[in-house]
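A.B. asks: Have a look at this one before I ask anything.
The values are calculated or read from the model by the stated rules, or taken from the named source; none is laboratory data. Treat the numbers as computed from the prediction; the structure is a model and nothing was measured. Every residue, glycine as well, gets a Cβ built from its backbone with ideal geometry; the counts of neighbours run over all protein chains shown. Just so you know, the surface numbers come from the protein's heavy atoms only, side chains and all, with ligands and any DNA or RNA stripped out. Shrake-Rupley method; radii C 1.70, N 1.55, O 1.52, S 1.80 Å.
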Amino acid sequence: MVKSLPATPGTNFPQLPLTVSHAASEPATSLLSRLAARNGAISMQRFCGDIAFPIDPLFRGAKVAIKQLAQLAGCDVTALERVSIRHLGKGHFRLRDEFASLQSFQRSRIRVCPECIRTEMPSAAESWRVPRRLQWKFSSIRSCSKHSSMLACLPAEKFNKDARDFAAQLQKHHGWILDQPVGQADSSPFEAYLTNRILSGRGDRWIDRLELNVASRACEVLGLRIAKGPDAALAGHSEPDWRKYGVLGYHVLKDGPAALSDCLAALAREDGADSRFFCRLFGPWIAWLKSRSLGDEFEPLRDVVRRHVFGNFSVRKGVLVLGVPSEGTASSNPQKSLSLTGFAKRNAEDLICRGLATRDAGGGIVPMNFVTQQMLDAYEREKKFFRAGQSSHEKAESSVYGADNARASGESRLSVGDAARQLRVTVKTVGYLIQHGMLCGVDTSELYRRGATVVTADSLAQFQKSFISLGELAEITQRPQGAFSMKLRNANVALLAMPHDLSRIYWREDVSADVTTEK
């Protein structure tokens with residue numbers, strides 16, 4: 001317990017016999033903790049209670065409390081304010097003109113460099129000798145540049161107030177710190193950039209104009225996508241791995257939005273990349289940007305990604321891309337060029353009729369930008385399936401989709417709209433199925449308006465025996481179509497080969513019972 005001492009002139013605090021000097025990168029909370037340890041207090045809370053110092057305002061970064069601490073310690077108040085974090089409420093914080101979030105830095109756990117402790121703290125009783133570095137508080141800084149070693153996270157405390165007391169934590173865990181093996185860490189330009197920005201301020205580059213919490217996490221998540229691919233999860237990675245991801249992302253983002261767009265285009269050209277769907281292609285990068293926990297400060301970064309998607313992917317009108325609806329302008333997907341071979345090449349003219357291929361400037365036939373090899377394989381499977389399901393007599397009558405036969409037999413018919421509702425697809429999709437012989441369409445004016453096309457009930461029933469639409473699957477499983485579509489895509493369930501703006505239809509035999517019944 002600190003004994004009551006005479007007040008210092010001009011302050012409300014007693015004269016302290018022992019003081020510590022303020023280090024250049026030391027926040028106010030660390031300085032107060034060292035003052036307490038230097039004067040023999042068992043804790044910072046007890047010390048503040050004995051001298052009537054308002055501790056809670058200091059932890060919130062209140063300017064009045066920082067000024068009072070500067071008077072108490074005899075240090076420059078401007079220098080102390082410069083390296084102290086201010087709590088804005090609702091998980092938001094500010095360091096000078098920098099904005100940070102709750103995830104930006106460690107508040108309840110203390111990280112230290114074991115080598116710094118060994119050199120600056122001769123014994124547990126002298127914990128007041130080691131100032132806490134401001135950069136050690138930030139989650140994205142995981143190493144000590146001075147000793148090229150990984151930071152060690154001290155054991156968790158039961159109460160958050162105990163974890164705030166830096167000097168007391170060093171004293172309590174001094175032996176544990178000395179026993180920690182030193183994890184070597186290569187130099188990281190990403191951490192060097194963050195450290196310089198935290199201590200010296202931001203620069204004039206595009207990455208500097210991003211808020212600190214945006215720039216730091218964006219580098220790590222982009223690096224994760226580059227290193228681990230589109231299926232990588234956002235969690236479950238080690239601290240050394242996150243350091244590597246941060247460096248990869250920083251090498252891209254430091255060069256501005258054009259470099260980011262070029263990087264995203266390069267990811268689409270990777271071997272095996274499914275460049276039809278930007279969410280699937282960019283994986284954790286898009287999943288992170290779509291998170292509701294990200295505030296408005298992420299909008300400049302989202303805007304760059306959004307403009308890249310709108311300019312390079314075919315997105316249906318009205319579909320939200322990072323919160324903004326698409327205008328529906330079709331763009332050429334940045335995927336690896338695909339050539340027609342084998343069955344697809346022999347049926348190239350039919351692919352043009354199907355909307356799956358087009359003629360280039362030289363007169364050659366090339367697949368559309370959304371067509372993949374998997375889609376061409378599905379096209380071959382479909383053509384062989386329908387040919388095998390027709391007899392030679394049926395083939396002779398199929399030129400008009402069995403229209404004369406349907407009229408003569410009086411077979412029941414459905415309007416295109418009714419067929420679409422039964423299949424849970426769009427009317428445009430039903431028209432496509434009729435046009436290319438997968439459903440039997442009949443021109444009739446007996447029950448419908450002149451020139452209307454109807455679908456025979458028998459052909460619809462036969463089609464449903466072999467195929468099932470995404471809408472039907474979603475109705476069976478009571479799950480949203482988007483989530484279920486992603487599940488089937490991840491399971492490599494093949495689609496019926498059709499243009500990208502039509503409803504999705506699958507072979508029933510490919511959709512297992514486990515997939516359709518799982519909730």
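A.B. asks: What list of ³J(HN,Hα) couplings, whole Hz, do you get for region 363-375 from phi and the Karplus terms 6.51, -1.76, 1.60, once you set θ to phi - 60° and write x for glycine and proline?
C.D. replies: So the Karplus estimates, Gly and Pro as x, are x, x, 9, 10, x, 5, 5, 7, 7, 10, 4, 4, 5 Hz.
A.B. asks: Cβ neighbours within 10 Å, averaged per peptide: list 416-428, 139-151 in order, most packed at the top. Mind dumping the intermediate values first?
C.D. replies: Numbers: 416-428: 17.9, 139-151: 19.5.
With the highest mean Cβ count within 10 Å placed first, the list reads 139-151, 416-428.
A.B. asks: Rounded if a/c is under 1.5, else prolate if a/b beats b/c, else oblate: with a ≥ b ≥ c from the C-alpha gyration tensor eigenvalues square-rooted, which is region 230-298? Please list the in-between numbers first.
C.D. replies: On the way: a/c = 1.20, a/b = 1.16, b/c = 1.03.
In terms of gyration-tensor shape, rounded.
A.B. asks: Also, quick follow-up: Where Lys and Arg each count +1 and Asp and Glu each count -1, what net charge lies around Thr78 among other residues with Cβ under 13 Å from its Cβ? Mind dumping the intermediate values first?
C.D. replies: Working: positive: Lys63, Lys67, Arg82, Arg96; negative: Asp76, Glu81.
Once all neighbours under 13 Å are counted, the net charge is +2.
A.B. asks: Give a residue-ordered list of calculated ³J(HN,Hα) values for region 455-463 (Karplus: 6.51 cos²θ - 1.76 cosθ + 1.60, θ = phi - 60°; whole Hz; x for Gly, Pro).
C.D. replies: 10, 6, 5, 5, 5, 5, 5, 5, 5
A.B. asks: Enumerate the aspartates and glutamates that Lys384 could reach by cross-link, defined here as Cα to Cα under 19 Å, with residues fewer than 8 away along the same chain left out.
C.D. replies: Glu349, Asp350, Glu394, Glu397, Glu509, Asp510
A.B. asks: Count the net charge of all other residues whose Cβ sits under 15 Å from the Cβ of Leu199, scoring Lys and Arg as +1 and Asp and Glu as -1.
C.D. replies: Details: positive: Arg82, Arg96, Arg132, Arg133, Lys137, Lys146, Arg197, Arg202; negative: Glu26, Glu81, Asp97, Glu98, Glu191, Asp208.
Around Leu199, the surrounding residues sum to +2.
A.B. asks: How much FRET efficiency would the formula 1/(1 + (r/R0)^6) give for Ala79 and Arg46, where r is the Cβ-Cβ distance and R0 is 35 Å, rounded to 0.05? Please list the in-between numbers first.
C.D. replies: Values: r = 27 Å, r/R0 = 0.77.
Efficiency computed from Cβ-Cβ geometry: 0.85.
A.B. asks: Next up: Which cross-chain or sequence-distant (5 or more) residues have an amide H under 5 Å from the amide H of Ser149, H modelled 1.01 Å from N in plane?
C.D. replies: Close amide H contacts, sequence-distant or interchain: Cys144, Ala185.
A.B. asks: What is the extension gain from Arg60 to Gln184, computed as 0.36 nm multiplied by their sequence separation minus the C-alpha to C-alpha distance, in nm to one decimal?
C.D. replies: Taking 0.36 nm per residue and subtracting the Cα distance, the gain is 41.2 nm.
A.B. asks: While we're on this one: How high is the FRET efficiency from Asp231 to Leu18, r the C-beta distance, R0 45 Å, rounded to 0.05?
C.D. replies: 0.20
A.B. asks: Compute the signed sum of charges (Lys and Arg +1, Asp and Glu -1) over the other residues within less than 11 Å, Cβ to Cβ, of Ile141. Each step should come with its number before you reach the end.
C.D. replies: Values: positive: Arg111, Arg133, Lys137, Arg142, Arg197, Arg243; negative: Glu191, Glu239.
Neighbourhood net charge equals +4.
A.B. asks: Output ³J(HN,Hα) for region 413-419: one whole-Hz value per residue in order, computed from phi by the Karplus curve 6.51 cos²θ - 1.76 cosθ + 1.60 with θ = phi - 60°, and x for Gly and Pro.
C.D. replies: Ordered by residue, 3J(HN,Hα) equals 9, 10, 5, 4, x, 5, 5 Hz.
A.B. asks: For Lys487 paired with Asp510, estimate the spin-label separation in nm (one decimal), with each label point 7 Å from Cα along the Cα-to-Cβ line.
C.D. replies: Going from the Lys487 label point to the Asp510 one covers 1.7 nm.
A.B. asks: Sorting check: for 366-379, 66-79, which peptide has the highest mean count of neighbouring beta carbons within 10 Å, and how do the rest follow?
C.D. replies: So the peptides 366-379, 66-79, ranked by packing, come out 366-379, 66-79.
A.B. asks: Sticking with this one: Please work out whether region 175-276 counts as rounded, prolate or oblate from its C-alpha gyration tensor, where a ≥ b ≥ c are the square roots of the eigenvalues and a/c under 1.5 means rounded, while otherwise a/b larger than b/c means prolate and anything else oblate? Intermediate results must be reported in sequence, preceding the final value.
C.D. replies: Values: a/c = 2.72, a/b = 1.29, b/c = 2.11.
Oblate, since a/c reaches 1.5 and b/c is not below a/b.
A.B. asks: What is the count of Lys pairs in region 30-181 whose alpha carbons sit under 21 Å apart, if the two are 8 or more places apart or on different chains?
C.D. replies: Eligible lysine pairs with Cα atoms under 21 Å apart amount to 11.
A.B. asks: If each residue of separation counts as 0.36 nm, what is the full-extension length gain between Asp377 and Asp208 once their alpha-carbon separation is subtracted?
C.D. replies: Working: separation 169, 0.36 × 169 = 60.84 nm, distance 4.76 nm.
Stretched fully, the Asp377-Asp208 segment lengthens by 56.1 nm.
A.B. asks: With the contact rule set at Cα under 8 Å and sequence spacing of 6 or more, what percent relative contact order holds for region 62-133? The partial results should precede the final answer.
C.D. replies: Numbers: 43 pairs, mean separation 10.0, N = 72.
14 percent.
A.B. asks: With a 1.4 Å probe and all protein chains left in place, how much of the accessible area of region 178-290 comes from carbon and sulfur atoms, in whole percent? Don't jump to the answer; show the numbers that get you there.
C.D. replies: On the way: 2430 of 4800 Å².
Of all accessible area on region 178-290, carbon and sulfur atoms account for 51 percent.
A.B. asks: What distance in nm separates the simple spin-label points at Arg292 and Thr341, each placed 7 Å from Cα in the Cβ direction?
C.D. replies: Placing both labels 7 Å along Cα→Cβ, they lie 4.7 nm apart.
A.B. asks: Please compute the contact order of region 219-299 in relative form: average sequence separation of alpha-carbon pairs under 8 Å and at least six residues apart, divided by the residue count, as a percent.
C.D. replies: Values: 84 pairs, mean separation 29.2, N = 81.
Worked out over region 219-299, it gives 36 percent.
A.B. asks: Provide the FRET efficiency to the nearest 0.05 for the Lys90-Asn160 pair, computing r from the beta carbons and using R0 = 22 Å.
C.D. replies: Numbers: r = 18 Å, r/R0 = 0.80.
Step by step, r from the Cβ atoms, then E = 0.80.
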